[in-house]
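Take a look at the structure set out below.
The values are calculated or read from the model by the stated rules, or taken from the named source; none is laboratory data. Computed from a predicted structure; not experimentally measured. Because the Cβ atoms are built from the backbone with ideal geometry, glycine has one as well, and the counts that use them run over all protein chains shown.
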Amino acid sequence: MTNPECRARAQAQRPVAGLTQSPSRKIAPLLLFASLYCAPLFAQEDEHRLHLSAAVRLRYEAIDGQARTGFNRSDDLVNLRTNVLAEYRHANMRAGIELYDSRVWGDDAGTPVSTSEVNALEPVQAYVAADFADALGQGSNLALSAGRMTLNMGSRRLVAADDYRNTTSGYTGVRAQITARQGWKADLIYTLPQYRLPDDSVGIRSARVKLDRESQDAVLWGGTLSKASAIGQAMAELSYFRFEERDSPTLATRNRELDTFGVRLLSDPRAGTLDFEAEAFYQSGQVNASLAPAAPRLDVSAGFLHLEAGYSFRHDWKPHLSAEFDVATGDESGGHYARFDTLFGMRRADLAPSGLYNAVGRANILAQGFRLEAAPSKNLDWFVAYRALWLASDEDSFSTTGVRDPSGESGDFAGHQLEGRVRYWIVPSRLRFEFDGVILAKGQFLRDAPNATSGRHTVYGSLNLTASF
């Protein structure tokens, strides 16, 4: 539960007066009833071959003192995400399809609603896969997948299927996962990231159904190579990802061509011992200076570093205390582009929730603090985290807020962030409640920058109820 993979693994409705639903916005409840009634039926037909599962998450979130520019100072939103997965298994072969339906209610023109919140009736996964034992030598295993799929690779800081967000990220292509003797593992991909559609404001806010697009206009390939117990008990991992994009007839881009090289050391938590994680990325390549067709081309030189050291106490609550440090470079005057691009990575496990908050991400940030987490019982876990936040470059916008002072005269201290989460299984493995809360005490930069939002504090909270079938 204490490293990013584990923390990110496991992640209310308020009536809206005068709400009129279109027929497509009534489909999500039908998916819920289908999962309830059809799952037992299909399982009984052939429990060894056809497997059906589903989850429905209802979220009510609210914010006061929004730190991001261009949105309501205070806001609230109802999110509903439904996903149904059907997988057919025969011998070493698998074929599956997963439908995601993500919608929101209660928004207005100033609510930050995008394809991160809405993606109606989308087959995010539609794949075939096979496992081959001893294919590359005795004790090895080769797993091949092709089609539409979700991906979680390495630390998930570059390639992930975001779970806190109301929508997820999908990729179309091929994947090879290799497990060999002596703790060696390789995870390789060649994919076309799915761009969620529709991406216009009217289509998003009305939850119009339109198939997501993948094409050669955006290509992501690369992978990770790791070895268990490479240095003592620590796992060592190397990673490389190449991302290429270009303008399409319907979408202007910055024509990113990015090479991201990474190295990681990870020691898993164990009671009564110290643990740690260290990961560094260096990013190079080229990017357009803006979305304009004639924008100049800039060389990229950016980086990211995550350091974490912790201790697990011997106690029934399994408390774990860790110190954390993150820095992602920002852009500055000069002849190159220095703002780190986290590609398709998650943010929740390291930094802060997305949703209406979404102010702190892996770009132009220096953050340091601590985290205390515990699991008092099988059904209950919680954590609290504090971070002091700075700009890595005082000329660039702070993280994902959009707040910027090009002169660099507003200082570089962004503020103090206090974050917490509580999760409780009301019905074990079936129904879970989750509360997430953040208080951001704005520092000089977020108060004094030319386009800073008003107020000295940002307060965010979400109530979540997830049913799994």
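For the reader, a short list of remarks on this structure follows.
- When we screen A120, A130 for residues that are at pLDDT 95 or above, assigned to a strand (DSSP E or B) and surrounded by fewer than 19 Cβ atoms within 10 Å (Cβ to Cβ), the only hit is A130.
- Selection within the stretch 72-105 - out of contact with any Ser or Thr (no Cβ under 7 Å at 6 or more places or on another chain), crowded, with 20+ Cβ neighbours inside 10 Å and either hydroxyl-bearing (S, T, Y) or assigned to a loop (DSSP other than H, G, I, E, B) (or both): T82
- Filter pass, A352 being closer than 24 Å to V104 by Cα, of a type outside the set (D, E, K, R), surrounded by 21 or more Cβ atoms within 10 Å (Cβ to Cβ) and in contact with an Asp or Glu (Cβ under 8 Å, 6 or more places away or on another chain): yes
- Number of positions in the stretch 255-274 that are out of contact with any His (no Cβ under 8 Å at 6 or more places or on another chain), of a type outside the set (A, V, I, L, M) and either surrounded by 20 or more Cβ atoms within 10 Å (Cβ to Cβ) or within 17 Å of D350 (Cα to Cα) (or both): 5
- Looking across I189, I178, I231, I204, one residue alone is surrounded by fewer than 17 Cβ atoms within 10 Å (Cβ to Cβ) and β-branched (V, I, T). It is I231.
- Filtering the stretch 301-336 to residues that are acidic (D, E) and under 15 Å from G262 (Cβ atoms) leaves only D326.
- Condition check for P193: at pLDDT below 95 and not hydrophobic (A, V, I, L, M, F, W, C): no
- Tally of residues being surrounded by 22 or more Cβ atoms within 10 Å (Cβ to Cβ) and of a type outside the set (A, V, I, L, M, F, W, C) across the stretch 135-161: 5
- Those residues of the stretch 268-324 which are outside any strand (DSSP E or B), farther than 23 Å from A228 by Cα and of a type in the set (V, I, T), in sequence order: none
Yes/no matrix, rows are residues, columns are (1) among the hydrophobic types (A, V, I, L, M, F, W, C); (2) touching a Phe, Trp or Tyr at 6+ places or on another chain (Cβ under 7 Å):
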{"position": "N166", "(1), (2)": "no, no"}
{"position": "G173", "(1), (2)": "no, yes"}
{"position": "K185", "(1), (2)": "no, no"}
{"position": "Q194", "(1), (2)": "no, yes"}
{"position": "D199", "(1), (2)": "no, no"}
{"position": "V202", "(1), (2)": "yes, no"}
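- Hits in the stretch 434-469 (condition: hydrophobic (A, V, I, L, M, F, W, C) and more than 20 Å from the chain's Cα centre (by Cα)): I439, L440, A441, F445, L446, A449, A452, V459, A467, F469
- Selection of the stretch 162-178 for residues being closer than 22 Å to A218 by Cβ and at pLDDT below 95 yields only D162.
- Condition check for G415: surrounded by fewer than 21 Cβ atoms within 10 Å (Cβ to Cβ) and either touching a strand residue (DSSP E or B) at 6+ places or on another chain (Cβ under 8 Å) or modelled with pLDDT under 95 (or both): no
- For the residues S393, S407, S429, S454, the requirement of being closer than 29 Å to R81 by Cβ, outside any strand (DSSP E or B), among the hydroxyl-bearing types (S, T, Y) and out of contact with any helix residue (DSSP H, G or I) (no Cβ under 8 Å at 6 or more places or on another chain) singles out S429.
- Restricting L151, L142 to residues that are at pLDDT 95 or above, assigned to a strand (DSSP E or B) and touching a strand residue (DSSP E or B) at 6+ places or on another chain (Cβ under 8 Å) narrows the list to L142.
- Take the conditions (1) at pLDDT 95 or above; (2) surrounded by fewer than 18 Cβ atoms within 10 Å (Cβ to Cβ); (3) farther than 22 Å from Q125 by Cα; Q44 misses just one of them, which is (1).
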